[in-house]
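Take a look at the structure set out below.
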Amino acid sequence: MDLTSSVPVGFIGLGAMGEPMALRLAEAGTPLLVWNRSTSKCRTVAEAGAAVAKDPAEVFTRCPVVFLMLVDGAAIDAVLARGDRAFTERVKDRTLISMATTAPSYSKALEADVRAAGGRYIEAPVSGSRKPAEAGQLVAMLAGEPEHVTSVRSLLGPMCRSAIECGPVPNALLMKLAVNLLLTAVVTGLAEAAHFAERHGLDLAKFVTVLEDGPLASDVSRVKAAKLLAQDFAVQASITNVLENVRLIADVAREAAIASPLLDVCQTLFGETQALGLGDTDMIAVIRAIEQRTARIEHVSDAQYGHIPP
């Protein structure tokens, strides 16, 4: 695929992840044409040199390659005009790179429709939250026809520190869901461990130091432990988004008759956290649900045995 400096690359979807990803592309000199439903989200990327399209149709008209970083399948279908005659006009002779986390079955069906309309389709979900996106340190998982994947790998460089080919669609999304299952369990376990330490009167700063100096340290543990220590629940990956993702993983597990006991516990805890009104906070706020469970145990204990002053 011949991508010269005069041919723009399309980028649709400038949310919490899409905005820093598109910004990395623009700052690297990629000629970029962006569109977002909320035009205010285009401002930062436009200041970095990207052009702003008036609507999705303009992006597909002008760009042979289009990144889609949208919230779900319904949003993707809307910008593609899927189900309408305009769908073929938008995807024919285009390469669509879907970076959204959707159901694998949805992605597989979309690939079939895109190919039938004369287009090319690549899955490219990423592992990482907003902070790695801002630093260009995401990890991409790629699926699609090998020659199509090869043709766009260089475009991922400003956004991703690595890109792993996973085979045919929907293998990249299945890989992403497997990674997210572990991520969710790790963050939930960290929150529970911190709560355990705090309830025993341990110095949480020292708990974090031991964790960071030990074999369990990781980029995730360092970032989330620091947020716990500071009681900083500013969103990187929100409770609501994580809960939606966990539900998606659970659905895929059920469809394949796969047991997911840790995931099931996480789903319940994140649901309880959202019910506390914390849906827009960072996923580490799951500690609040754990604290609520402890409070309920204490309440039952007091009711059964009476409160004994220290």
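Do any residues in region 149-162 that are free of Cβ contacts under 8 Å to residues at least 24 places away in the same chain and more than 17 Å from residue 68 (Cα to Cα) have Cβ atoms under 7 Å from those of residues that are among the hydrophobic types (A, V, I, L, M, F, W, C) and surrounded by fewer than 21 Cβ atoms within 10 Å (Cβ to Cβ), where the two are at least six apart or on different chains, and which pairs are they?
Short answer, once both residue conditions are applied: 162/139.
Just name the residue that is most open to solvent (accessible area, probe 1.4 Å) out of those in region 24-83 that are over 22 Å from residue 155 (Cβ atoms) and among the basic types (Lys, Arg).
37
With 223, 265, 252, 246 as the choices, which residue is assigned to a helix (DSSP H, G or I), surrounded by fewer than 15 Cβ atoms within 10 Å (Cβ to Cβ) and out of contact with any Asp or Glu (no Cβ under 7 Å at 6 or more places or on another chain)?
On the way: 223 fails: surrounded by fewer than 15 Cβ atoms within 10 Å (Cβ to Cβ); 252 fails: surrounded by fewer than 15 Cβ atoms within 10 Å (Cβ to Cβ); 246 fails: surrounded by fewer than 15 Cβ atoms within 10 Å (Cβ to Cβ).
265 is the lone residue from the list that is assigned to a helix (DSSP H, G or I), surrounded by fewer than 15 Cβ atoms within 10 Å (Cβ to Cβ) and out of contact with any Asp or Glu (no Cβ under 7 Å at 6 or more places or on another chain).
May I ask you to list pairs of residues, at least six apart or on different chains, whose Cβ atoms are under 9 Å apart, with the first in region 170-197 being within 19 Å of residue 149 (Cβ to Cβ) and touching a residue at least 60 places away in the same chain (Cβ under 8 Å) and the second being assigned to a helix (DSSP H, G or I) and among the aromatic types (Phe, Trp, Tyr)?
Listed pairs, sorted by first residue: 170/106; 173/106.
Cβ contacts < 8 Å: first residue within 11 Å of residue 231 (Cβ to Cβ) and in contact (Cβ under 8 Å) with a residue 60 or more places away in the chain, restricted to region 279-290; second residue open to solvent by 10 Å² or more (accessible area, probe 1.4 Å) and aliphatic (A, V, I, L, M), any location; separation 6+ or different chain. Result?
Short answer, once both residue conditions are applied: 284/190; 284/228; 287/228.
Any residue in region 117-137 that's over 17 Å from residue 162 (Cβ atoms): show its pairings with residues that are hydrophobic (A, V, I, L, M, F, W, C) and assigned to a strand (DSSP E or B) at Cβ separation under 8 Å, as long as the two are six or more apart or on different chains.
That search, which allows pairs on different chains as well, returns 119/96; 120/96; 121/96.
For region 192-213, state whether one or more residues are closer than 24 Å to residue 140 by Cβ and among the small types (Gly, Ala, Ser).
no
Just to be sure, is residue 108 assigned to a helix (DSSP H, G or I) and more than 14 Å from the chain's Cα centre (by Cα)?
Yes: the conditions hold for residue 108.
Going through region 120-143 one residue at a time, which ones are part of a loop (DSSP other than H, G, I, E, B), open to solvent by 10 Å² or more (accessible area, probe 1.4 Å) and not polar (S, T, N, Q)? Please lay out each step first, then the result.
Of the residues in region 120-143, the ones part of a loop (DSSP other than H, G, I, E, B) are 124-125, 128-129, 136-137.
Still in the list and also open to solvent by 10 Å² or more (accessible area, probe 1.4 Å): 128-129, 137.
Scanning region 120-143 gives a single hit, 128.
The values are calculated or read from the model by the stated rules, or taken from the named source; none is laboratory data. This one's a predicted model, so the numbers in the text were calculated from it and none came from an experiment. Here Cβ is always computed from backbone atoms with ideal geometry, including for glycine, and neighbour counts include all displayed protein chains. Each accessible area value is taken on the protein alone, full model and side chains, heavy atoms only, with ligands, DNA and RNA left out. Shrake-Rupley method; radii C 1.70, N 1.55, O 1.52, S 1.80 Å.
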